[in-house]
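The values are calculated or read from the model by the stated rules, or taken from the named source; none is laboratory data. This is a predicted model, so every value here is computed, not measured. Quick reminder, even Gly has a Cβ in these numbers, built from the backbone with ideal geometry, and neighbours come from all protein chains shown. Calculation scope for accessible area: heavy atoms of the full protein, side chains included, ligands and nucleic acids excluded. Shrake-Rupley method; radii C 1.70, N 1.55, O 1.52, S 1.80 Å.
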Amino acid sequence: MAKTGTTTQGLRAAIERSGYYPALVAEAVEAAVGGEPVLSYLVHQETTFDANEVRRHVTVLVLTGNRFIVSHTDEQAADGTSPSPYATTSTESVKIGRISSVVLSRVVANPEAYTPGTLPREVVLTIGWGAVSRIDLEPAACGDPNCDADHGYTGSSTADDLSLRVSEAGDGPDTVRQTLAFAQALSEATAATTR
């Protein structure tokens, strides 16, 4: 379930509607936001299946005038470190100017019949600010099939700080719309800092 919008009161209401440890999540997010006005937010709860366990987690994205805030809360089953189930909440605050990429991938059914304004069936929002990068390397080669020289390596580096996937089938059409709206607000905010 995802909710998006503006205002601190709307953010708290969306967290409460998610039903996922709302007091814990709201306290962490509100502490990170502080007194700044909320320009846009997205609350996304996801359930995953891990072996014989069902795990839930929630991601809250908040855009203020100066910062992009990410909060993530996971629940854990009892284990060797804790005799009872527990939750872990983390928040990260990133200055808008540090965001290096906002990637929105859209999956559209029947692209030959696509009309503007049609809702994608799935979107993946990937945001990079340089905290986490993935490097993919492979041996370099030349065009000569008989060459056995060492040409070193070639590869690519990808910013991969946050990736959030929502689909119409799994999350509903409103969630897809809300993710598109948040992505647009974040893109506009990053563009404004480079002017």
Any chance LEU24 is closer than 18 Å to GLN178 by Cβ and either touching a strand residue (DSSP E or B) at 6+ places or on another chain (Cβ under 8 Å) or not in a strand (DSSP E or B) (or both): no
Lone unmet requirement of (1) open to solvent by 80 Å² or more (accessible area, probe 1.4 Å); (2) more than 27 Å from ALA32 (Cβ to Cβ); (3) in contact (Cβ under 8 Å) with a residue 12 or more places away in the chain; (4) part of a strand (DSSP E or B) for ALA169: (4)
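Among the residues that make up region 48-65, is at least one of them more than 21 Å from TRP129 (Cβ to Cβ) and either touching a Cys at 6+ places or on another chain (Cβ under 9 Å) or basic (Lys, Arg) (or both)? Before the answer, list the steps.
As a first pass, look at region 48-65 and keep what is more than 21 Å from TRP129 (Cβ to Cβ): 48-56.
After this cut, where a residue has to be either touching a Cys at 6+ places or on another chain (Cβ under 9 Å) or basic (Lys, Arg) (or both) as well, the list is 55-56.
Yes, there is a match, as at least one residue in region 48-65 is more than 21 Å from TRP129 (Cβ to Cβ) and either touching a Cys at 6+ places or on another chain (Cβ under 9 Å) or basic (Lys, Arg) (or both).
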Which numbered condition ARG12 fails, given (1) closer than 25 Å to GLU122 by Cβ; (2) in contact (Cβ under 8 Å) with a residue 12 or more places away in the chain: (1)
Any hit, region 6-13, residues being in a strand (DSSP E or B) and open to solvent by 80 Å² or more (accessible area, probe 1.4 Å): no
Some residue of region 106-114 being in contact with a helix residue (DSSP H, G or I) (Cβ under 9 Å, 6 or more places away or on another chain), without any contact (Cβ under 8 Å) to a residue 40 or more places away in the chain and farther than 20 Å from SER18 by Cβ: yes
Every pair of residues 6+ apart whose Cβ atoms lie under 6 Å, when the first sits in region 147-164 and is modelled with pLDDT under 65 while the second is of a type in the set (Ser, Thr, Tyr): SER157/SER133; ALA159/SER100; ALA159/SER101; ALA159/SER133
